[in-house]
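Notes follow once the structure below has been shown.
The values are calculated or read from the model by the stated rules, or taken from the named source; none is laboratory data. Just so we're clear, the structure is a prediction, and the values are computed from it rather than from any experiment. Quick reminder, even Gly has a Cβ in these numbers, built from the backbone with ideal geometry, and neighbours come from all protein chains shown.
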Amino acid sequence: MDLDLNPQQQDLVAAFRAFFLKESPPSVVRSAEPHGFDPSLWSRVAQLGGPAIGVPEGSGGGGAGLVDLVLITEQLGASLAPIPLLEGMIAARVLARVGDSGREALERLTSSAPAVATVALTPVRDGQARMVPAGGIAELVVGLDGSDLVLASGEPPVGRRNLGDSPVADRSFGADRTVLASGSAALELHATALNEWRTLTAGAQAGLGATALGLGVEYAKQRKQFGVPIGSFQSIARDLADVATAVDGATMLAREAAWAADVCQTDAPALAGMAFLFAGRTAQKASGVALHVHGGYGFTLEYDVQLYYRRAKAWSLALGDPRRGLQALADVLFGPGART
Amino acid sequence: MDFSLGDRCEELRTEVREFLAEHLPQETIDRVHETGTAHDWTFYRALGARGWIGAAWPKEFGGQDRDPFEMTALRDELRLAGAPTDGLGQSLIVARTIRHVGTEDQKQEFLPPALAGEIIFALGYSEPDSGSDVAAAKTRATRDGDDWVINGQKMFTTLAHEAAFVFLLARTNPEVAKHKGLTMFLVPLDSPGVEMHPVHTMGGERTNATFYNDVRVPDRYRVGSVDGGWDVMTVALTFERGGFGLSDADRVWQQAVAWAKTTLGDDGTPIIDDPLVRERLASMRINNEVAKLLAYRTSFVAARGGLPTVEGSMHKLWYSESMTADAGELLDMLGAKGVLRRGDGDAPADGWIEHLYRHAAVTTIYGGTSEVQRGIIAERGLGLPRPGR
């Protein structure tokens, strides 16, 4: 067992942390609202490793494993950086896996000015994929249509106002779409992409939760009521201690899910589901407690904690009702149930 | 990064399973359940003969020098099998404390029989008026020549009726601040003046109230310096919170899943097909995985030579609180029949869920309450100011 980051991973984390701290402070997050995309930030993050960082080196990528990527999305979530890095990482890995049919699109992601790409989480119905993450800015969208894995490209539609100020939108898969893979291979590729999305989103939510916790702790140390810092009240310390525990757990669970996928453990799909559900719940709890600790100020737009509170909920909904997520996890753990 | 315990641990797991198949018959599990005494001498001596009580100890003490991960694997298997481990857990806390702060004579006298499984220790910290505020202990020890004379009462002296010694916290100086006037002793439980009364718990466990009336203890049974008992306690409490892996929550989850897969509901369909059952079991599985990771991290920090204080508190807080909540959720999913106890043929999952519901509550209390753990996390982990008391 080794829960430490190796030296390369430590460097990776340090680089992304420093980048986001400098380039994506809350003011940048705010100015990208409501659209949720900062093109300038997107072009600059490519210098650290764009969406193809998790693609094998032989295919022009950075050769990073899922553990490395989850370490990056922890930092992404911690900063709420308004860039579609997570979505792009997933899309790039799918395109690399399909081989020749995805090569041309993949080249647009390995370039020094990478395109915005994403994967539709829910299957395409009647030529439409609904509520696609980064669908409002993506030039390339991978989706599952029946038993075909398909690629649509073109101008993104206008994004929709939403809770998390994310560039979510519906996308059309017209006649000009490309078939990347078919049959069971297509289903497997999409299922793998969804599990990678769950895992990387878990990392982002854990990072979001850690930052929200930090906001709450700092405020509790500084804010005085009744002549003492409110953090000395046990009812406040109690909630923050519970959140700290859950955030640590969520962080480790996301990393474990990524590790399990990297080393092809048979329980990797179950861990991806667990990590996603737990990190989503934890991020909501962390940002909820942090907001509450701020009192009335936490409810104002002026304070940053609301940025985290809204996104924690929004990100946890992208795959649907989390309680249905538990049912999906149960299918993985116990086999499909006969009743629904 | 590597979340597996490693090949050596997997080999050890197999050995432990074979050992349990031979040395832990169903009669032992049933007897432990019925008597509430989570210790069995036949089993414990077999464990000692195998070298597993001192598995983590250096070879110079007759140990096997196994790392914290192997200990995690060993304990995981014992817990999943429902083996009685209270005597093991308590005795290792005391033995490790003796190893760290005891005299050479104490090490010679206590450690070999403790590691061989010939004696066990009880813990004498809590009193009727002091639990979390353990340093407020009133039990007195006064010097009389080469002896100390002990008077007072201890509460929750679990396994005192089986143990050779109680590791007792006593006040030796009432004139100074409460943390500064305490001393630790190993008190033979067969000493004249020791009395005990059984205390029975909601979870079916038996613990004890122990009474000390002019009990004479030789000074050589003092552990650590006079009035230095708080430092000794601090070492011992850290041992109490570390070294976990899986818990009863994992065992009962496995039992519940096995039951749900093999049992038909009132409508004639398998219980495991019920979405409400699936949701509860899936949700508990997540909480158990988080508990396991928090436990592994505690072992990992310890393996690196660190003192996992905050990490240990986080694990203790999480596993006990989530187990208590999940026991309630699992019982809900069973409905009216969930109340049936072990021994009733209709009791779902052989009554283990009902038992967990009664047992889990104590895990949020013993070994430092959830409130104490949250205080440690808040102050030492998050740097929040100490509450005004």
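Observations, loosely collected:
- Test: residue A:273 is over 17 Å from the mean Cα position of the chain (by Cα) and modelled with pLDDT of 95 or more: no
- The numbered conditions (1) assigned to a helix (DSSP H, G or I); (2) touching a helix residue (DSSP H, G or I) at 6+ places or on another chain (Cβ under 7 Å); (3) of a type in the set (A, V, I, L, M, F, W, C) are all true for residue B:57 except (1).
- Being touching a strand residue (DSSP E or B) at 6+ places or on another chain (Cβ under 9 Å) and either farther than 15 Å from residue B:56 by Cα or outside any helix (DSSP H, G or I) (or both) is a property that residue B:93 lacks.
- Between B:294, B:281, B:317, B:330, the distinction of being in contact (Cβ under 8 Å) with a residue 60 or more places away in the chain, facing chain A (nearest Cβ under 9 Å) and part of a helix (DSSP H, G or I) belongs to B:317 only.
- Among the residues of segment A:185-243, the one identified as within 10 Å of chain B (Cβ to nearest Cβ), among the aromatic types (Phe, Trp, Tyr) and over 16 Å from residue A:292 (Cα atoms) is A:226.
Residues are listed down the side, and each one gets a yes or a no for (1) of a type in the set (A, V, I, L, M, F, W, C); (2) within 25 Å of residue B:20 (Cβ to Cβ); (3) part of a helix (DSSP H, G or I):
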{"position": "B:84", "(1), (2), (3)": "no, yes, no"}
{"position": "B:88", "(1), (2), (3)": "yes, yes, yes"}
{"position": "B:107", "(1), (2), (3)": "no, no, yes"}
{"position": "B:114", "(1), (2), (3)": "yes, yes, yes"}
{"position": "B:118", "(1), (2), (3)": "no, yes, no"}
{"position": "B:138", "(1), (2), (3)": "no, no, no"}
{"position": "B:142", "(1), (2), (3)": "no, no, no"}
{"position": "B:149", "(1), (2), (3)": "yes, no, no"}
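- Those residues of segment A:177-202 which are in a helix (DSSP H, G or I) and over 12 Å from the mean Cα position of the chain (by Cα), in sequence order: A:183, A:184, A:185, A:186, A:187, A:188, A:189, A:190, A:191, A:192, A:193
- Of all positions in segment A:308-326, at least one carries a residue that is in contact with an Asp or Glu (Cβ under 9 Å, 6 or more places away or on another chain), buried (at least 19 other Cβ atoms within 10 Å of the Cβ) and at the interface with another protein chain (Cβ under 9 Å from one of its Cβ atoms).
- Of all residues in segment A:262-282, those that are buried (at least 24 other Cβ atoms within 10 Å of the Cβ) and within 14 Å of residue A:199 (Cα to Cα) total 10.
- Long-range neighbours under 7 Å by Cβ, at least six apart or interchain, first residue closer than 14 Å to residue A:312 by Cβ within segment A:72-91, second in a helix (DSSP H, G or I) and of a type in the set (D, E, K, R): A:80/A:311
- Residues in segment B:66-100 that are closer than 23 Å to residue B:25 by Cα and touching an Asp or Glu at 6+ places or on another chain (Cβ under 6 Å): B:84 alone.
- On the stretch given as segment B:297-306, residues that are over 17 Å from residue B:372 (Cβ atoms) and either outside any helix (DSSP H, G or I) or of a type in the set (Ser, Thr, Tyr) (or both) total 4.
- Test: residue in segment A:95-108 that is under 16 Å from residue A:319 (Cα atoms), touching a residue at least 24 places away in the same chain (Cβ under 8 Å) and out of contact with any Phe, Trp or Tyr (no Cβ under 7 Å at 6 or more places or on another chain): no
- Looking only at residues of segment A:1-38 that are under 18 Å from the mean Cα position of the chain (by Cα) and more than 18 Å from residue A:308 (Cα to Cα), we find that the one that is farthest from the other protein chains (Cβ to nearest Cβ) is A:19.
- Criterion (among the aliphatic types (A, V, I, L, M), at pLDDT 95 or above and more than 29 Å from residue A:262 (Cα to Cα)) met by exactly one of A:144, A:163, A:151: A:163
- Unique match (being out of contact with any Leu (no Cβ under 9 Å at 6 or more places or on another chain) and either on the phi > 0 side of the Ramachandran plot or in contact (Cβ under 8 Å) with a residue 60 or more places away in the chain (or both)) among B:54, B:48, B:36: B:36
- Look at (1) surrounded by fewer than 21 Cβ atoms within 10 Å (Cβ to Cβ); (2) more than 20 Å from the chain's Cα centre (by Cα); (3) hydrophobic (A, V, I, L, M, F, W, C); (4) within 14 Å of chain A (Cβ to nearest Cβ) and you find that residue B:378 fails only one, number (1).
- Looking only at residues of segment B:358-374 that are within 13 Å of chain A (Cβ to nearest Cβ) and outside any loop (DSSP other than H, G, I, E, B), we find that the one that is surrounded by the fewest Cβ atoms within 10 Å (Cβ to Cβ) is B:371.
- Screening segment B:297-314 for residues that are more than 9 Å from chain A (Cβ to nearest Cβ) and of a type in the set (Gly, Ala, Ser) and picking the one that is surrounded by the most Cβ atoms within 10 Å (Cβ to Cβ) gives B:312.
- Of all residues in segment A:104-114, those that are in contact with a Ser or Thr (Cβ under 9 Å, 6 or more places away or on another chain) and either closer than 14 Å to residue A:90 by Cβ or buried (at least 24 other Cβ atoms within 10 Å of the Cβ) (or both) total 3.
- For segment B:252-278, a tally of residues being closer than 23 Å to residue B:323 by Cβ, buried (at least 18 other Cβ atoms within 10 Å of the Cβ) and either of a type outside the set (S, T, N, Q) or within 11 Å of chain A (Cβ to nearest Cβ) (or both) returns 11.
- Of all residue pairs spaced 6 or more apart or on separate chains, those with beta-carbon atoms under 8 Å, a first member in segment A:115-138 that is farther than 15 Å from residue A:94 by Cα and a second member that is of a type in the set (Lys, Arg) and part of a loop (DSSP other than H, G, I, E, B) are A:136/A:160.
- In summary, strands (runs of 3 or more DSSP E) completely within segment B:175-256 and bearing 2 or more residues that are touching a Lys or Arg at 6+ places or on another chain (Cβ under 9 Å) and closer than 27 Å to residue B:306 by Cα occur at B:182-188.
- Residue within segment B:97-104 that is over 15 Å from the mean Cα position of the chain (by Cα) and free of Cβ contacts under 8 Å to residues at least 12 places away in the same chain present: yes
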